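The values are calculated or read from the model by the stated rules, or taken from the named source; none is laboratory data. Not measured: the values here are computed from a predicted model. Because the Cβ atoms are built from the backbone with ideal geometry, glycine has one as well, and the counts that use them run over all protein chains shown. For the accessible areas, the whole protein counts, side chains as well, though only heavy atoms, and no ligand, DNA or RNA atoms are used. Shrake-Rupley method; radii C 1.70, N 1.55, O 1.52, S 1.80 Å.
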Amino acid sequence: MNNGLRLVWVYPDLLSTYGDQGNALVVERRARQRGLDVQRVDVRSDQPVPTSGDIYLIGGGEDRPQRLAAERLRRDGGLSRAASNGAIIFSVCAGYQILGHEFINDLGEREQGLGLLDVISTRGEGARCVGDVLADIDPQLGLEPLTGFENHQGVTHLGPTARPFARVRYGRGNGTGDGTEGAYNDTVFGTYMHGPVMARNPQIADHLLKLALDVNALPPTDDRWYEALRAERIAAATQPA
């Protein structure tokens, strides 16, 4: 096993709502629990995005910071080059929309995304998607059910080269009415789930680590805290409002 890992947290000054920075903390901790030497790099929006990272994490944000982040990521080009190099990218909410082809910005205009996921996001006309979610992750990934908290107005449509990350049992997910939640391809993932999603779903953090390290399994860790949190939030999602 490669004992070194470079973890990049992208634009925490613009994209870090609802505790999404917790995703970086969980991935870093679970890597260190396995004896890995982790270099975490927090890249602010006035800094170039390095292209040599192994795992990149992007959080959610309000509408104007989302537009600024998209503009700067397009201009910088580092994240797109990292994706071309085979880096693992995991995005949440506004970050998820940015990785697609386009989304609606705070000015009500179509904003170009990075095109790393074959998705297009529009703005929903109805009630905002808010609440706990329980969903079944794509069986090809071999992961336990997804638990998270959604809070968005977006409606994200998947193109032919994107697979749904999960299908909801409770909640709205992508907001399209077809039961899909998030999207992914081989190395790029997007979801609307906050929570933070890695704290509620440590198996996702481990999946990213396995992809980055090119291994099929990781040494076991003490997951009792995570399991208690998962059980609590799954119960909350399944109880009537």
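Take the residues in the range 21-46 that are more than 24 Å from Leu218 (Cα to Cα) and of a type in the set (Asp, Glu), then tell me which one is surrounded by the most Cβ atoms within 10 Å (Cβ to Cβ). Can you show your working first?
Going through the range 21-46, the residues more than 24 Å from Leu218 (Cα to Cα) turn out to be 42-46.
Keeping just the survivors that are of a type in the set (Asp, Glu) gives 42, 46.
Working: Asp42: 15, Asp46: 8.
Restricting to residues being more than 24 Å from Leu218 (Cα to Cα) and of a type in the set (Asp, Glu), the top hit is Asp42.
Would you point out the residue of the range 122-152, among those that are polar (S, T, N, Q) and under 17 Å from the mean Cα position of the chain (by Cα), that is farthest from Asp206 (Cα to Cα)? Don't jump to the end; show me each part of the working.
We begin by selecting, within the range 122-152, every residue polar (S, T, N, Q); these are 122, 140, 147, 151.
If we keep only those that are under 17 Å from the mean Cα position of the chain (by Cα) too, we end up with 147, 151.
Numbers: Thr147: 16, Asn151: 25 Å.
The residue in question is Asn151.
Just one of Val10, Val49 is out of contact with any Lys or Arg (no Cβ under 8 Å at 6 or more places or on another chain), farther than 23 Å from Arg200 by Cβ, crowded, with 17+ Cβ neighbours inside 10 Å and in contact (Cβ under 8 Å) with a residue 40 or more places away in the chain; which is it?
Numbers: Val10 fails: farther than 23 Å from Arg200 by Cβ.
Every option except Val49 fails the conditions.
Can you pull out the residues in the range 152-184 that are under 13 Å from Tyr96 (Cβ atoms) and not small (Gly, Ala, Ser)? Break it down into steps so the answer makes sense when it comes.
First, the residues of the range 152-184 that are under 13 Å from Tyr96 (Cβ atoms): 152, 154-158, 162, 164-166, 173-175, 180-184.
Once the filter is applied, which keeps residues that are under 13 Å from Tyr96 (Cβ atoms) and not small (Gly, Ala, Ser), the range 152-184 yields His152, Val155, Thr156, His157, Leu158, Pro164, Phe165, Asn174, Thr180, Glu181, Tyr184.
List the pairs whose first member sits in the range 141-159 and is in contact (Cβ under 8 Å) with a residue 12 or more places away in the chain and closer than 20 Å to Arg123 by Cβ, whose second member is of a type in the set (A, V, I, L, M) and open to solvent by 30 Å² or more (accessible area, probe 1.4 Å), and whose Cβ atoms are under 6 Å apart, counting only residues at least 6 apart or on separate chains?
Asn151/Val130; His157/Ile120
Restricting to the range 94-123, give me the number of residues that are over 17 Å from Thr191 (Cβ atoms) and not charged (D, E, K, R). Talk me through it step by step, then tell me what you get.
Here is the first cut: in the range 94-123, the residues over 17 Å from Thr191 (Cβ atoms) are 101-102, 104-112, 115, 122-123.
Next, only the ones that are not charged (D, E, K, R) stay: 101, 104-105, 107-108, 112, 115, 122.
Residues that pass the stated criteria total 8.
Can you name every residue in the range 63-82 that is out of contact with any helix residue (DSSP H, G or I) (no Cβ under 9 Å at 6 or more places or on another chain) and either among the hydrophobic types (A, V, I, L, M, F, W, C) or open to solvent by 60 Å² or more (accessible area, probe 1.4 Å) (or both)?
Initial filter on the range 63-82 (out of contact with any helix residue (DSSP H, G or I) (no Cβ under 9 Å at 6 or more places or on another chain)): 64, 67-68, 71-72, 75-78, 81-82.
Arg64, Leu68, Arg72, Arg75, Arg81, Ala82 - these are the residues of the range 63-82 that are out of contact with any helix residue (DSSP H, G or I) (no Cβ under 9 Å at 6 or more places or on another chain) and either among the hydrophobic types (A, V, I, L, M, F, W, C) or open to solvent by 60 Å² or more (accessible area, probe 1.4 Å) (or both).
Given the range 17-113, what strands (runs of 3 or more DSSP E) lie entirely inside it while holding 2 or more residues that are closer than 24 Å to Ala212 by Cβ? Step through it out loud before you land on a result.
On the way: elements: 37-43, 55-58, 88-92, 102-104, 110-112.
Filter on the range 17-113 gives 37-43, 55-58, 88-92.
Mind checking which pairs have a first residue in the range 165-194 that is within 20 Å of Arg123 (Cα to Cα) and among the acidic types (Asp, Glu) and a second that is modelled with pLDDT of 95 or more and open to solvent by 10 Å² or more (accessible area, probe 1.4 Å), Cβ under 7 Å, 6 or more apart or different chains?
Short answer, once both residue conditions are applied: Glu181/Pro164; Glu181/Arg167; Glu181/Val168.
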